[in-house]
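For reference, the structure is listed below as structure tokens.
Just so you know, all these numbers are worked out from the coordinates, no wet-lab data involved. For clarity, every value in this text was computed on a predicted model and none was experimentally measured. Using ideal geometry, Cβ is built from the backbone for each residue, glycine included, and neighbour counts are taken over all protein chains shown.
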Amino acid sequence: MRKVILLFLTIVMFIPHNMINAEMSEEEVADIIIEKKHIPYDLVTVTTYTVSAGETDSTPLITASGYKLDSLNPKRQKVIAISRDLKRKYKFGQKVRIKGAGKLDGVYTVRDVMARRWRKKIDILINPDDDGTKVRKVKLYNIETNDKALD
């Protein structure tokens, strides 16, 4: 009986790993990681920005991390800018999961930083013809603290 239970537990333990390697979206994988690891989150305000010089600086297609944006469809690159108080926890290039922002929910990469005046806030890059938005009390998860975070 012990051998059967041990075999069952061993199989169950590997099911999430096998599911992750199947046909899952990046968002579904992030949700499994969040659930499995009980990852803490930050409550932030989410706003949106575009690649116009009026909303950025004199080089709107280059982020603070040096990442070059696509001028035709920057939204597809899933880029966010974070306020400077969050910079200690979220580094350039890290993947984050946003939940509670409606159609903006998803997995994004930290590539930019916001002006010093903002606190507990992130900006999601959208296309110039998209409508801007502001959502409060959105959950921001750090799903990639290092290479072992996805194990």
Among 41, 133, 92, whose Cα sits farthest toward the positive end of the charge dipole of region 26-150 (+1 at Cβ of Lys/Arg, -1 at Cβ of Asp/Glu, about the Cα centre)? 41
Relative to the compact-globule scaling 2.2 N^0.38 Å, provide the ratio for the alpha-carbon radius of gyration of region 26-150. 1.00
